[in-house]
1. Filter the range 76-100 down to the residues that are outside any helix (DSSP H, G or I) and either exposed (fewer than 15 other Cβ atoms within 10 Å of the Cβ) or among the basic types (Lys, Arg) (or both) and list them by number.
2. Picking from Gln130, Gln123, which residue would you name as being more than 19 Å from Pro177 (Cβ to Cβ), loosely packed, with under 15 Cβ neighbours inside 10 Å, modelled with pLDDT under 90 and of a type in the set (S, T, N, Q)?
3. Among the listed residues Glu51, Glu47, Glu62, which satisfies the condition of being surrounded by fewer than 17 Cβ atoms within 10 Å (Cβ to Cβ), free of Cβ contacts under 8 Å to residues at least 12 places away in the same chain and assigned to a helix (DSSP H, G or I)?
4. When you check Ile221 against the structure, is it at pLDDT below 90, crowded, with 16+ Cβ neighbours inside 10 Å and touching a strand residue (DSSP E or B) at 6+ places or on another chain (Cβ under 9 Å), yes or no?
5. Within the set of pairs 6+ apart or on separate chains, which have a first residue in the range 110-128 that is assigned to a loop (DSSP other than H, G, I, E, B), a second that is open to solvent by 60 Å² or more (accessible area, probe 1.4 Å), and C-beta atoms under 6 Å apart?
6. Please verify whether Gln151 is out of contact with any helix residue (DSSP H, G or I) (no Cβ under 6 Å at 6 or more places or on another chain), surrounded by fewer than 14 Cβ atoms within 10 Å (Cβ to Cβ) and over 24 Å from Gln43 (Cα atoms), treating the condition exactly as stated.
7. Mind checking whether some residue in the range 93-116 is more than 32 Å from the chain's Cα centre (by Cα) and over 21 Å from Ala42 (Cα atoms)?
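The values are calculated or read from the model by the stated rules, or taken from the named source; none is laboratory data. Small disclaimer: the values here were computed from a predicted structure and weren't measured. Cβ placement follows ideal geometry from the backbone for every residue including glycine, while neighbour counts extend to all protein chains displayed. Each accessible area value is taken on the protein alone, full model and side chains, heavy atoms only, with ligands, DNA and RNA left out. Shrake-Rupley method; radii C 1.70, N 1.55, O 1.52, S 1.80 Å.
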Amino acid sequence: MQVRKSLVWRIIFPILFAMVLLVIAILYYLPQVLTQQAIDDAQQRAEETVEEFKRLRRYYTENVVSEVLLHSDIDVTIDHKNNPKSIPLPATMVHELSEQYSQTGTLIKLYSFYPFPNRAERQLDEFANQAWHHLNENPESEYIKVLKNKQGETVVRVAIADKLVAEACVQCHNHHPFSPKVDWKLGDVRGILEVDSIIQPAIKSGEALGMKLALMICTVIAFLVMLIYLIHHYLFQVPLHRLAMLLESSTHQGGGCCR
């Protein structure tokens with residue numbers, strides 16, 4: 001009987017060991033892989049969103065603001081909501097569009113070390129300060145960090161340099177009466193466009209998927225163990241037991257005849 005049990009466990013144990021390793025790997029690596037995928041997706045979406053905002057602002061500057069300034073008496077100002085004969089500055093338009101865009105779950109910010117007076121009280125946090133210094137030194141790069149927000153959710157923060165790429169922008173910032181800096185040059189980093197994406201749902205989905213797969217594997221393990229036991233019991237153990245009983249019976253009968 002001990003030999004038979006040993007044979008069963010020699011079959012079952014490697015399967016159990018391999019399956020346990022697989023469960024551990026799934027519980028550990030799958031959430032990490034899915035989290036990294038969520039970070040990469042957030043970064044790509046941030047790049048696309050910033051590019052969309054830049055295209056929109058460029059079009060607005062070249063085809064609306066420039067024409068208005070040349071052919072009308074309409075002002076281009078920060079406080080356009082209180083002035084019926086005015087339209088927003090390109091940066092003001094970006095700020096207001098980002099506020100509406102944030103209702104979709106993605107937060108967009110435009111900030112600078114040289115804000116206009118209406119935004120001078122804004123305090124930049126540690127990430128924004130680090131992004132400003134990094135992107136001024138490396139304007140073609142991006143500054144990315146994965147952080148926790150005040151609600152404890154995981155957020156991917158992507159900051160991209162907002163450079164002065166048109167002469168009209170340079171002239172506006174150097175001659176606007178409220179401009180805090182008047183020696184801008186083409187290509188200077190005027191501000192930072194930041195996109196914040198909450199990836200907590202993706203992380204939770206990864207953890208839940210890992211648990212589901214681990215549960216499925218445990219179920220498969222239990223089924224395989226039971227199947228191996230039943231196969232061994234009914235195809236090997238029971239017939240061998242019957243054969244042993246038959247041989248024992250024959251031995252007894254043969255011994256009786258000899259006497």
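1. Listed by number, the residues that qualify are Asp79, Asn83, Pro84, Lys85.
2. Step by step, each of Gln130, Gln123 is checked, and only Gln123 is more than 19 Å from Pro177 (Cβ to Cβ), loosely packed, with under 15 Cβ neighbours inside 10 Å, modelled with pLDDT under 90 and of a type in the set (S, T, N, Q).
3. The unique qualifying residue is Glu51.
4. no
5. Tyr114/Pro180; Phe116/Phe178
6. Considered against the rule, which asks whether it is out of contact with any helix residue (DSSP H, G or I) (no Cβ under 6 Å at 6 or more places or on another chain), surrounded by fewer than 14 Cβ atoms within 10 Å (Cβ to Cβ) and over 24 Å from Gln43 (Cα atoms), Gln151 comes out as no.
7. yes
Every residue, every condition in (1) farther than 30 Å from Leu21 by Cβ; (2) in contact (Cβ under 8 Å) with a residue 12 or more places away in the chain; (3) in a helix (DSSP H, G or I), yes or no:
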{"residue": "Pro180", "(1), (2), (3)": "yes, yes, no"}
{"residue": "Lys185", "(1), (2), (3)": "yes, yes, no"}
{"residue": "Ala202", "(1), (2), (3)": "no, yes, yes"}
{"residue": "Ser205", "(1), (2), (3)": "no, yes, yes"}
{"residue": "Lys212", "(1), (2), (3)": "no, no, yes"}
